[in-house]
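Chemist: Sharing a structure here in structure tokens format.
The values are calculated or read from the model by the stated rules, or taken from the named source; none is laboratory data. For clarity, every value in this text was computed on a predicted model and none was experimentally measured. Ideal geometry is used to build each Cβ from the backbone, glycine not excepted, and the neighbour counts take in all protein chains shown. When the accessible area is computed, the model is the full protein with side chains, heavy atoms only, and any ligands, DNA or RNA have been set aside. Shrake-Rupley method; radii C 1.70, N 1.55, O 1.52, S 1.80 Å.
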Amino acid sequence: MKWHRKEKIAGLLFIAPNLLGILLFFVIPALFSLGMMFTDYKFANPKYHFVGLDNFKKLFTDDIFYTSLKNTTIFLAAVPVSLVIAFVIALLLNRSVYLKGLLRAMFFMPYITSGVAIAFVWMLLFQPTEGPVNNFLRGIGIANPPGWFSTTDTSMYAIDIIWVWFILGYNMIIYLAALQEISEELIEAARIDGARKWTYITRIVWPLVSPTTFLLLVTGLIMSLKTFGIIQAITQGGPSNSTTIVSLYVYRTAFSYYEMGYASAVSWVLFAIILAITLLQWFGQKKWVHY
Amino acid sequence: MFGLGLLTILPFLWMIVTSVKSPSEVFVYPIKWIPDHLVWEHHVKVWTGKQSFALYYMNSLKISIVGVLGATLLSACAAYGFSRIEFRGRDALFLFYLSMMMIPPQVLFVPKFVLFDWAGIYNTHWALILPSWFSIFGVFMLRQFFIGIPREMTEAAFIDGAGHFKIFWRLMLPLSKPALATFMIIDFSWQWNDYENALVFLTDRKLYTVPLGMQNFILENNIDYNGMMAAATAGIIPMLLVFIAGQKFIIQGLSGSAVKG
């Protein structure tokens, strides 16, 4: 009994320094924010009132909020697209012998690069009148190339393209690791059975890496939901809110309009979406993931 | 395959080439991959202007290094507690840690803003350094690694009378050098590239980090495309060096923690 208590104290002592910080910088702010979403707290005016569910009522009639939900959905579409491309690249890279390390580094480079630097470069590449991308498109005979960030109906898709490119390297690395776990015997057996390449990939490899696919899909969605830096640096959510995703909207409501109470309410809606996706991971994986 | 790889880094190549071009050559089509003559003045401007990147570099290095060292030590301690010491409530506590990962930073921005303002560290480097010391990912990743170290190695020392602290410091940390290096490199890349926190918690230009410095540069020079590319190049050089040096670690660390996850 005495030994147990001593162990418990030792354990807690090791965890305590980290735990204190987690309480201070995660738990207490989160609780604080939970309370704040029922108030009309504004930074400029420290007097605040309890307003009950008013912030949520406002939310349901807020057009920009609905636009941000729609934009977020378009934004998240980049995740599965990137996964498919990453899978194909990983398959090809797994077989190739030459330059594997160099290629892996090349694909991975966007992921370790500063989002702001990426924003700069793509802003110029997608410049509508003289940018290299549109010059290229005109060069191959497309008379009216897209306006990218300059028009409301293409801006979100331009962000998607960047995002697919940005998360590609990470997804590819994880797929490569998963592919290396597939046993040689299985590959040999398939070859002896005369499985054709396509059948082999769709019937054997893809199901075998499905846990990885699922994990990458869910963590990719969650990671993307939390991000806004690249979009803030490129478009600040414009033109006319066409690239305002929910996380960016929270930032802007809080630190441009100083509507802290309302921003807290929107941020918890974001949390609810993340929670839903996490629960989906928890319960859904058994349905279609083959272990 | 090599072509596809090249296509991925084409934006970076274009960025570097553009940073040493003359302004009239930026949008020339077909793209001039080799400029007529190298123009270095854009880089000079970035490094020596009124708001110099040298200052941003110093700020970013200070925040990233102090942040990474603190995060590594505190995460390793907690990871040891979660992996080598048995006590009631430990697993529930760990689950609670993992659930914290779901909270989006946006939820925390507003209360942290108020908290930092109240504590007097808003608009100081501490507002970035202090929270970065407490990394849930670090605890998670190092715990995974510690679990993999054979128990016999630490139990022998325990029987010889060594306490937990001695085992942790003299045995566990030296055994975990690769995992610690992996975490430090990944954490450094996050800290170096962190734009969101700096955007929210820093207002004084003297305190700006590299990502904010880049953002600032574009606000003041938004038609100087060559300068923008020189600034972007400056912003990614350190990460490029770290990546070249630690590529193996980054890739093993990320794939290890995700596949086993």
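Chemist: Given R₀ = 35 Å, FRET efficiency for residue A:282-residue B:160 by Cβ-Cβ distance, to 0.05? It would help to have the intermediate numbers written out before the result.
Modeler: Numbers: r = 43 Å, r/R0 = 1.23.
That gives a FRET efficiency of 0.25.
Chemist: Could I ask something else about it? Roughly to the nearest percent, how much of the accessible area of the protein assembly as shown is carbon and sulfur, given a 1.4 Å probe?
Modeler: 68 percent
Chemist: What average number of partner chain Cβ atoms lie no more than 10 Å from the Cβ of the residues making up B:82-93? Please report the intermediate quantities before stating the final value.
Modeler: Values: counts 4, 1, 3, 10, 4, 10, 4, 3, 5, 0, 0, 4.
Per-residue shielding by partner chains comes out at 4.
Chemist: Among B:33-40, A:167-174, A:82-89, A:56-63, how do they line up by average Cβ neighbours within 10 Å per residue, starting with the highest?
Modeler: Working: B:33-40: 10.8, A:167-174: 24.9, A:82-89: 19.9, A:56-63: 12.4.
The most tightly packed comes first, giving A:167-174, A:82-89, A:56-63, B:33-40.
Chemist: Just counting partner chain Cβ atoms within 10 Å, what average do the residues of peptide B:232-243 show around their Cβ?
Modeler: On the way: counts 10, 3, 1, 7, 8, 1, 1, 5, 3, 0, 1, 6.
Shielding by partners across B:232-243 averages 4.
Chemist: Residue B:2 to residue B:16: extension gain in nm, 0.36 nm per residue of separation minus the Cα-Cα distance? Could the numbers behind the result be given before it?
Modeler: Values: separation 14, 0.36 × 14 = 5.04 nm, distance 1.99 nm.
Length gained, residue B:2 through residue B:16: 3.1 nm.
Chemist: Run the numbers for residue A:77 and residue A:150: contour at 0.36 nm per residue of separation, minus the present Cα-Cα distance, in nm.
Modeler: Values: separation 73, 0.36 × 73 = 26.28 nm, distance 2.09 nm.
Stretched out fully, the residue A:77 to residue A:150 stretch lengthens by 24.2 nm.
Chemist: Work out the FRET efficiency for residue B:241 and residue A:142 from their Cβ-Cβ distance, taking R0 = 35 Å, and round it to the nearest 0.05. Before the final figure, lay out the partial values.
Modeler: Numbers: r = 39 Å, r/R0 = 1.12.
The formula returns an efficiency of 0.35 here.
Chemist: Total Å² of accessible surface buried at the B-A contact, 1.4 Å probe, nearest 100? Could the numbers behind the result be given before it?
Modeler: Details: alone 15390 and 17990 Å², together 25600 Å².
Buried surface at the B/A interface: approximately 7800 Å².
Chemist: In µm²/s, what is D for the protein assembly as shown at 25 °C and 0.890 mPa s, where D = kT/(6 pi eta Rh) by Stokes-Einstein and Rh is the Kirkwood radius from Cα pairs? Walk me through the numbers before you get to the answer.
Modeler: Working: Rh = 25.3 Å.
Reported coefficient: 97 µm²/s.
Chemist: How far, in degrees from 0 to 90, does helix B:105-119 lean away from the longest principal axis of the Cα atoms of chain B, to the nearest 10?
Modeler: 90 degrees
Chemist: Suppose each label sits 7 Å from its Cα in the direction of the beta carbon; what would the residue B:37-residue B:219 distance come out to in nanometres?
Modeler: Going by the 7 Å Cα→Cβ label model, 3.6 nm.
Chemist: Cross-link candidates for residue A:6: which aspartates and glutamates have Cα within less than 12 Å, leaving aside residues fewer than 8 places away along the same chain?
Modeler: Candidates past the 8-residue exclusion: B:86.
Chemist: Return the distance in nm (one decimal) between the two label points of a simple spin-label model at residue A:47 and residue A:84, each offset 7 Å from Cα along Cα→Cβ.
Modeler: Label at residue A:47, label at residue A:84, 5.8 nm between them.
Chemist: Tell me what chain B gives for mean residue ellipticity at 222 nm when only DSSP H runs of n ≥ 4 count, each as -39,500 (n - 2.57), the sum divided by the residue total, rounded to 500 deg cm²/dmol.
Modeler: Working: 12 runs with 183 residues, N = 261.
Value at 222 nm, helices only, nearest 500: -23000 deg cm²/dmol.
Chemist: Moving on. If you roll a 1.4 Å probe over the heavy atoms of the protein chains, what accessible area per residue do you get for the protein assembly as shown, in Å²?
Modeler: Details: 25600 Å² over 552 residues.
Accessible area per residue, the protein assembly as shown: 46 Å².
Chemist: Next question, about the same structure. Assuming R0 = 22 Å, can you tell me the calculated FRET efficiency for the pair residue A:57 and residue A:258, based on Cβ-Cβ distance, to the nearest 0.05? Numbers along the way, then the final one.
Modeler: On the way: r = 20 Å, r/R0 = 0.92.
According to the calculation, E is roughly 0.65.
Chemist: So, one more: Amide H of residue A:39 versus every other amide H placed in the peptide plane: which residues, excluding those fewer than 5 positions away on the same chain, fall under 5 Å?
Modeler: A:51
Chemist: Still on this structure: Over the whole of A:102-110, what's the average partner chain Cβ count within 10 Å per residue? Rounded to a whole number, please.
Modeler: Numbers: counts 3, 6, 3, 7, 8, 5, 7, 9, 4.
Mean shielding count: 6.
Chemist: Reachable aspartates and glutamates from residue B:21, Cα under 17 Å, same-chain residues fewer than 8 places away excluded?
Modeler: Hits, sequence-local ones excluded: A:130, B:36, B:41, B:224.
Chemist: Now for a different question. Among all the lysines, which ones have a C-alpha under 18 Å from residue B:50's C-alpha, if same-chain residues fewer than 8 places away are not counted?
Modeler: Candidates past the 8-residue exclusion: B:206.
Chemist: Here's another thing I want to ask about it. Please list, short to long, the whole-number percent of alpha-carbon pairs of the range A:52-204 in consecutive 5 angstrom bins beginning at zero.
Modeler: Reading the bins upward from 0: 2, 8, 12, 13, 14, 14, 11, 9, 7, 6, 3, 1, 1, 0.
Chemist: Stretched out fully, how many nm does the piece from residue A:189 to residue A:202 gain, at 0.36 nm a residue minus the Cα gap?
Modeler: Contour length minus Cα-Cα distance gives 3.1 nm.
Chemist: Applying a 10 Å radius around every beta-carbon, put A:101-110, B:42-51 in order of their mean neighbour count, most first.
Modeler: Details: A:101-110: 19.0, B:42-51: 15.9.
Descending packing order for the listed peptides: A:101-110, B:42-51.
Chemist: Can you tell me which of A:65-76, B:158-169 comes out highest on packing, and rank the rest after it, using the mean Cβ neighbours within 10 Å?
Modeler: Result, highest mean Cβ count within 10 Å first: A:65-76, B:158-169.
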